[in-house]
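Questions regarding the structure given below will be posed in turn.
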Amino acid sequence: MNQRKILEEKLFKFLSGFAAYSLIAILAFIIVIIFLKGFNSLSWEMIFKTPKGGYYYGGEGGVLNAIIGSLYIALGATFIAILIGMPAALYINVHLIRQKRTQNTIRYFLDALWGIPSIVYGAFGFTLMLYLGMNASLLAGIITVALLITPIVVRTFDEVLNTIPIGLHEAGLALGSTKAETGFKILFKQGFPGFITSVLLAFGRGIGDAASVLFTAGYTDLIPVNLDEPAATLPLAIFFQLGSPIPEVRERAFAAAAILTIIILIISLGARIISKRYSKSNIK
Amino acid sequence: MVTALVIILLLPLFIGVGLYLKASPLFEHQSLLNLITTTEWLPHEGKFGFWPFIASSLYVTLLAFLFSAPVCLLAAIYLTEFSSNRLIRIMHPVIDILAGLPSVIYGVWGILVIVPFVSDLLVPAVNTKSSGYTIMAGGIVLAVMCIPYILNMIIEVFRTVPVGLKEASLSLGATSWESVKHVVVRKSYPGIISAFGLGIAKAFGETIAVMMVVGNMVQAKFNPFEAGYPLPALIANNYGEMLSIPMYDSALMFAALLLLVIILIINLIFRYFIYKTRAR
């Protein structure tokens, strides 16, 4: 081999290795910066108190309103997304199992749907809200976020169901179960780890998305009690309070950023652990 | 079960129709071409020229693509061809978490790190003045956000290349980099292009993170160290006042419709290529 070849080989191995390791560095960099800034201002008061004197100008209090609002919206939206998404994913894998073409076309459209940016969902949610005569409220936020995350639930759950061997499916049918029973009792059980992962993924996306709730959920210093009241959310708490001229309020934004990052980290790692634990009991 | 599926599949249609109905009053005053190509943005006088916003969006997206594409390609090559199993096990959660971090977190990071980096290091290097809230900062933050998304797809594409092909190349005396260059990359060429295309579509629609660092000033200047005002930021910034000025809400919904159509078309085209590579 000549010298140039070896040099090229070494250079590109180094470059590509550098690119791969730099991703770990970037992630560490982001998390360290957010935590350093956030832990400075993070305290029990921050987590368990609502802001005093207005979220934009009042320096005291915490971000409890945003934490609760975010949890309400993400939980509600995830619930709706499961109601619509789970049967849809099962339908693709039970009723359409013999029609590979239809299956793939549906997957193709779902993937494209996944690519629609959340601001478009937000704008659509807003037009829907005007059309129905609703105000910016918890309910409008939940519906908009549900629209955003349903394709995610369907597509990720479907990806797991797709790997289940067809023999299991046929065994169920051969024992006399209906298609619905095969779907809900056999495939759902076998795909349960995937189901949990998809739900957690959707929940994480729902709790972190700002653009879709910007129009629809409104913002308030209070904790919402009814579905027709506006609700604060963590991403918007970060976004709005970071623009405030008062340093204490900006501190609150950094604390909220740290809280949101912790929630996302827990969800992401939790999804891994849970899916590993449950897949032990699966029929291989 | 089938109703659930039908509802989901009809969703883009609903969104499109809903936005179009809201945006349609705008078309009575200005033609579509006129809306997209003029640069005058004076909502109070009913003049809506979208070109500055479209230009900003394109510019930020282009920068993000230029920064992220080489990193993604190289990292994907390393992870599929050269790396140890241990690194792959570590990288899976790393990529997942990067992809899962909310865009507002990237925005905070951008304000804390990238904006000072641009204003203190890059701007003096080219002898201009700028606050750091620039198209350049938007491009860098967006690039970081796109990396996990593009990287995942390229890795998936590389996995579809048959091992036999690479082994044949190695057995003919090629070095492993040569087999990557001439066999793996060439074989997955359409897939790589599609992954880049989908990354561009994602970058084009990204809202909060970009809007936090890009400066938000209406101007169509082609200098990365000037502030920009991408389309999604336009929608997100003005929702509060849009009901008080006539036609303003139509204009914003038109912006959303524009985003939807552009991104849906890019997605449909490149997803098609991805499905082709997978089916083979």
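Read-outs throughout are calculated quantities, based only on the coordinates presented, and are distinct from any laboratory measurement. None of these values were measured; they are calculated from a predicted model. So basically every Cβ, Gly included, is an ideal-geometry build from the backbone, and we count neighbours across all protein chains shown.
To make sure I understand the rule: partners must be aspartates and glutamates, Cα under 18 Å from the Cα of B:Lys129, and not fewer than 8 residues away in the same chain. Which ones qualify?
List returned: B:Asp120, B:Glu226.
Residues of A:152-158, mean number of Cβ from any other protein chain within 10 Å of their own Cβ, rounded to a whole number?
Details: counts 0, 1, 4, 1, 0, 0, 0.
Neighbouring Cβ atoms belonging to other protein chains average 1 per residue here.
What distance in nm separates the simple spin-label points at B:Asn85 and A:Lys179, each placed 7 Å from Cα in the Cβ direction?
Output for this residue pair reads 4.2 nm.
Of B:Arg159, B:Arg86, B:Arg186, which is the most mobile in a GNM of chain B whose springs link Cα atoms less than 10 angstrom apart?
Largest GNM mean-square fluctuation: B:Arg86.
Let me ask something else about it. Would you work out which of B:Pro102, B:Leu35, B:Gly199 lies farthest towards the positive end of the dipole of chain B, given +1 charges on the beta-carbon of Lys and Arg and -1 on that of Asp and Glu, about the Cα centre?
With unit charges placed on the Cβ atoms, the residue in question is B:Gly199.
Turning to a different aspect of this structure: State the extension gain, in nm to one decimal, for the chain segment bounded by A:Leu265 and A:Val225, taking 0.36 nm per residue of separation less the distance between their alpha-carbons.
On the way: separation 40, 0.36 × 40 = 14.40 nm, distance 2.82 nm.
Stretched fully, the A:Leu265-A:Val225 segment lengthens by 11.6 nm.
Using alpha carbon centroids, what distance separates the range A:8-49 and the range B:27-106, in Å?
Centre-to-centre distance over Cα atoms comes out at 20 Å.
Kirkwood hydrodynamic radius for the range A:44-281: how many Å is it when counted over pairs of different Cα atoms? Could you put the intermediate results ahead of the total?
On the way: mean 1/r = 0.0521 Å⁻¹.
For the range A:44-281, the Kirkwood estimate is 19.2 Å.
Any chance you could give the angle, 0 to 90 degrees and rounded to 10, that helix A:118-132 forms with the longest Cα principal axis of chain A?
The answer is roughly 80 degrees.
Rounded to the nearest 20 Debye, what is the dipole magnitude of the protein assembly as shown about its Cα centre when Lys and Arg each give +1 and Asp and Glu each give -1 at the C-beta?
The calculated dipole for the protein assembly as shown is roughly 2260 debye.
Moving on to the next point. Run the reach check for B:Lys47 against lysines, Cα to Cα strictly under 22 Å, same-chain hits fewer than 8 apart removed. What comes back?
Within the straight-line limit of under 22 Å, B:Lys47 reaches these lysines: B:Lys22, B:Lys221.
May I ask for log10 I(q)/I(0) of the range B:5-159 at q = 0.11, 0.13 Å⁻¹, from a Debye sum over the Cα atoms as equal point scatterers with solvent left out?
Here the Debye-derived log intensity ratios amount to -0.71, -0.91.
For helix A:192-208, report the angle its Cα long axis makes with the longest principal axis of the Cα atoms of chain A; keep it between 0 and 90° and round to the nearest 10°.
The angle comes out at about 30 degrees.
Then there's this: On full extension of the chain, what length is gained from A:Lys189 through A:Tyr131, given 0.36 nm per residue of separation minus the C-alpha to C-alpha distance? Kindly include the intermediate steps, with their values, before the conclusion.
Values: separation 58, 0.36 × 58 = 20.88 nm, distance 4.03 nm.
Going from the current span to full extension adds 16.8 nm.
Turning to a different aspect of this structure: Distance from the Cα centre of the range B:168-202 to that of the range A:71-97, in angstrom?
36 Å
Arranged by the count of other C-beta atoms within 10 angstrom, fewest first, what order do A:Ile142, B:Ile193, A:Ile149 take?
Details: A:Ile142 26, B:Ile193 14, A:Ile149 31.
The fewest-first ordering by Cβ neighbours comes to B:Ile193, A:Ile142, A:Ile149.
Farthest toward the dipole's positive end in the range A:44-281, which of A:Ala257, A:Ser212, A:Ile166, given Cβ charges of +1 (Lys, Arg) and -1 (Asp, Glu) about the Cα centre?
Comparing the listed Cα positions along the dipole, A:Ile166 ranks first.
Average partner chain C-beta neighbours within 10 Å, per residue of B:263-273?
On the way: counts 5, 5, 1, 2, 8, 5, 1, 3, 8, 2, 0.
Other-chain Cβ atoms within 10 Å of each residue's Cβ, averaged: 4.
If each Cα of the protein assembly as shown is one equal point scatterer, what is log10 of I(q)/I(0) from the Debye formula at q = 0.06, 0.12 Å⁻¹?
-0.31, -1.27
Which net charge results when you count Lys and Arg as +1 and Asp and Glu as -1 among the other residues whose beta-carbon is under 15 Å from that of B:Lys47? Intermediate values should be presented prior to the final figure.
On the way: positive: none; negative: B:Glu28, B:Glu40, B:Glu45.
My count for the surroundings of B:Lys47 gives -3.
Treating only the Cβ of Lys, Arg, Asp and Glu as charged (+1, +1, -1, -1), what charge dipole size does the range A:44-281 show about its Cα centre? Round to the nearest 20 debye. Working shown, then result.
Numbers: 17 positive and 13 negative charges, 204 e Å.
It comes to approximately 980 debye.
For chain A, set up a GNM with springs between Cα atoms under 10 Å and report which of A:Leu75, A:Leu227, A:Leu139 has the largest fluctuation.
Among A:Leu75, A:Leu227, A:Leu139, the largest GNM mean-square fluctuation belongs to A:Leu227.
Between helix B:248-279 and chain B, what is the angle of the helix's C-alpha long axis to the longest principal axis, kept within 0 to 90° and rounded to the nearest 10?
20 degrees
At a Förster distance of 51 Å, what's the computed FRET efficiency of A:Asn104 paired with A:Glu8, Cβ-Cβ distance as r, to 0.05? List each step's numbers first, then the result.
Working: r = 40 Å, r/R0 = 0.78.
Calculated transfer efficiency: 0.80.
Just from its helices, what would the mean residue ellipticity at 222 nm be for chain A, if runs of 4 or more DSSP H residues each count -39500 (n - 2.57) and the sum is divided by every residue, rounded to the nearest 500 deg cm²/dmol?
Working: 11 runs with 202 residues, N = 284.
The helix-only estimate for chain A comes to -24000 deg cm²/dmol at 222 nm.
Here is a follow-up. Hey, which of these cross-link pairs are over 25 Å Cα-Cα: A:Lys185/B:Lys202; B:Lys202/B:Lys276; A:Lys276/B:Lys202; A:Lys276/B:Lys181; A:Lys100/B:Lys276? Intermediate results must be reported in sequence, preceding the final value.
Numbers: A:Lys185/B:Lys202 37 Å; B:Lys202/B:Lys276 21 Å; A:Lys276/B:Lys202 30 Å; A:Lys276/B:Lys181 36 Å; A:Lys100/B:Lys276 14 Å.
Going by Cα-Cα distance, A:Lys185/B:Lys202; A:Lys276/B:Lys202; A:Lys276/B:Lys181 fall outside the 25 Å limit.
I would also like to ask the following. Given N residues in chain B, what is its alpha carbon radius of gyration divided by 2.2 N^0.38 Å? Show your work: numbers first, answer last.
Numbers: Rg = 21.6 Å, N = 280, 2.2 N^0.38 = 18.7 Å.
Against the empirical 2.2 N^0.38 Å value, I get 1.15 for chain B.
Sticking with this structure for a sec: Have a look at A:Gly76, A:Ile116, A:Thr178 and report the one farthest towards the positive end of the charge dipole of chain A, computed about the Cα centre with Cβ charges (Lys/Arg +1, Asp/Glu -1).
Value: A:Thr178.
Here is a further query. Pick from A:Tyr91, A:Tyr72, A:Tyr21 the residue whose mean-square fluctuation is largest in a GNM of chain A, springs joining Cα atoms under 10 Å.
Residue with maximal mean-square fluctuation among A:Tyr91, A:Tyr72, A:Tyr21: A:Tyr21.
Let me ask something else about it. When the dipole is taken about the Cα centre of chain B, and only Lys, Arg (+1) and Asp, Glu (-1) are charged at their Cβ, what size is it in debye, to the nearest 20?
For chain B, the charge dipole is close to 980 debye.
Would you list A:Phe126, B:Phe273 from fewest to most Cβ contacts within 10 Å?
On the way: A:Phe126 27, B:Phe273 19.
Exposure proxy ranking, most exposed first: B:Phe273, A:Phe126.
Based on the Kirkwood radius over alpha-carbon pairs, what value in µm²/s does the Stokes-Einstein equation return for the translational diffusion coefficient of the range B:188-280 at 37 °C and 0.692 mPa s?
Working: Rh = 15.1 Å.
My calculation gives 217 µm²/s for D.
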